[in-house]
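Notes follow the structure.
Here, each number is a calculation from the coordinates, and none is a lab measurement. Source: prediction; values computed, not measured. Reconstructed Cβ throughout: ideal geometry from the backbone, glycine too, with neighbour counts over all protein chains shown.
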Amino acid sequence: MGTINGLPAHLLLVHAIVVLLPLAAFLLVLTAWWPAARRRVAGPNVILSTAMLVLVPVTMDAGQWLQDRVGDTPLLQDHTELGDTALYAALAVTVAALVVWWRHRESVRIAGASPGSRRTFLAPRNTAVTIVVGVVAAIVAGAAIYDVYLIGDSGARASWTGNYSTTVIEGDAD
């Protein structure tokens, strides 16, 4: 993907990742630990997480297109290498969101059924499993948010280091 409305697509798409991937990570923790939120948000968070899983490679492809058209620098190389980790972060958030949603789905299915009449795979009523899922969700979410921060910081450094004045340019001060 090259440009959108005359601007490099990467510059626009990256803003969606910077906002929506941490949002999906936050919702993951919320749904893993808070049953009321799980009932309302677990399904939509799977959709959001899956959308991020699709959008990350599109953004990476747009970034590669842009990289081929700007000067290669060590800062850009750092950003590119860090950017490759975004797919793993999005995948981890998506898988964890699916687990939280599936456990909720199983608990709803067996709510009115007699014990043993429905087979479950993710122990929706087991408190120990719920705690483990919650801890894993928190770790995955924290790692994803930190990853987005590192990638964004390296991208800003690659874009702006040496490309602006630290003093006010004459005539531009208000």
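What to note about this one:
- Extension reserve of the I47-Y149 stretch, reckoned as 0.36 nm per residue once the Cα distance is removed: 34.5 nm
- Long-range amide H partners of T3 with built H, under 5 Å: A9
- Maximal additional length on extending the Q77-V19 stretch stands at 18.6 nm, based on 0.36 nm per residue less the C-alpha distance.
- Largest GNM mean-square fluctuation across H104, H79, H15, computed for the chain with C-alpha springs under 10 Å, falls on H15.
- Ranking of T130, T85, T167 by count of other Cβ atoms within 10 Å, fewest first: T167, T85, T130
- Rounded FRET efficiency, nearest 0.05, which uses the C-beta distance separating L12 from W34 and R0 of 35 Å: 0.55
- Option label - Rg and Dmax of the Cα atoms in Å computed here, alternatives (1) 20.8, 78; (2) 18.0, 67; (3) 17.1, 50: (1)
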